[in-house]
Every structure is written in structure tokens, then in C-alpha cells.
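Below is one structure; the comments refer to it alone.
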Amino acid sequence: QVQLVESGGGLVQPGGSLRLSCVASGSIWSLNLMRWYRQAPGKQRELVAYIDRDGSADYVDYVRGRFTISRDNAKKTVYLRMNSLKPEDTAVYYCNADIEPYSDLREHDYWGQGTQVTVSS
């Protein structure tokens, strides 16, 4: 019943911006650590950023200063604001979260289906 749905991807020119959203839905008791990953063709999936319940966040060096992760606990949503985008940022971006559902108060790992971000002129 618990699912994550990403949105906000698309085609953008170098230097442009996008804001990705990930909404958690279902019978959720606690939405804990949330993360954004990305995977480019032929490359390993990599962690981009994470944010905990209280808003403490960190980023990989390549995106630090350009990307901002945030969350709205009331809306059960995590965001990734992406500024100064480069062609190298082209990838499928995935939302990942540690969630405790009502049906089983143990933490489980959930993934969204991904949203494509393409940076090209």
C-alpha cells in the first residue's frame, strides 16, 4: 500500500533549473530518512542527497551548492531543487525513503519508479 511517486523531471537547457517532488502515500506511521539517487546510462546508481526528519541534509560533492533537498512532513513529500544544471546531471532520479507503515511498525526501504532529467541544449 505504501508507495513513492516522483514528478518534476523533464528536458532543460544547461544552466536551467528543475524541482523534483516525491510524495509518499498509503498507511504510513512514520516517514523517516529520505534520499534522492540518480542513475545515468551505463553507470552505477549514486546517492545525490539525503534529509532526516529534522531537516539535516547532506549532498555528494558534485551537486553541493547547486542542489537543495527539503521536505514537508505534513505533506509527506521530499523535494530536490536543482539549479545550474549540467549535461552530466542527466539521469533517472529516484526517491528512496525509510518508512514505518501502520501494518508493520518496522522500518522498511521504499523506492519510487524514477523520473527522467535530461540536460541538453
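The values are calculated or read from the model by the stated rules, or taken from the named source; none is laboratory data. All values derive from a computational prediction rather than experimental measurement. FYI the Cβ positions are ideal-geometry reconstructions off the backbone, even for glycines, and counts take in every protein chain you see. When the accessible area is computed, the model is the full protein with side chains, heavy atoms only, and any ligands, DNA or RNA have been set aside. Shrake-Rupley method; radii C 1.70, N 1.55, O 1.52, S 1.80 Å.
A few notes on this one:
- When Ala57 is tested against (1) more than 19 Å from Gly10 (Cβ to Cβ); (2) at pLDDT 95 or above; (3) open to solvent by 70 Å² or more (accessible area, probe 1.4 Å), exactly one condition is not met: (3).
- Consider region 1-28 and keep the residues that are closer than 13 Å to Ala97 by Cβ and open to solvent by 30 Å² or more (accessible area, probe 1.4 Å). The one that is farthest from the chain's Cα centre (by Cα) is Gly26.
- The one condition in (1) within 12 Å of the chain's Cα centre (by Cα); (2) under 24 Å from Val119 (Cβ atoms); (3) open to solvent by less than 70 Å² (accessible area, probe 1.4 Å) that Leu33 fails to fulfil: (2)
- The residue that is farthest from Pro14 (Cα to Cα), among those in region 109-121 that are in contact (Cβ under 8 Å) with a residue 60 or more places away in the chain and of a type outside the set (S, T, N, Q), is Tyr110.
- Once region 71-81 is narrowed to residues that are part of a strand (DSSP E or B) and either more than 11 Å from the chain's Cα centre (by Cα) or of a type in the set (S, T, N, Q) (or both), the residue that is farthest from Gln44 (Cα to Cα) is Asp72.
- Cross-chain or 6+ apart pairs with Cβ under 8 Å, region 83-108 first and part of a loop (DSSP other than H, G, I, E, B), then aromatic (Phe, Trp, Tyr): Asn83/Phe67; Tyr102/Trp29; Leu105/Trp29
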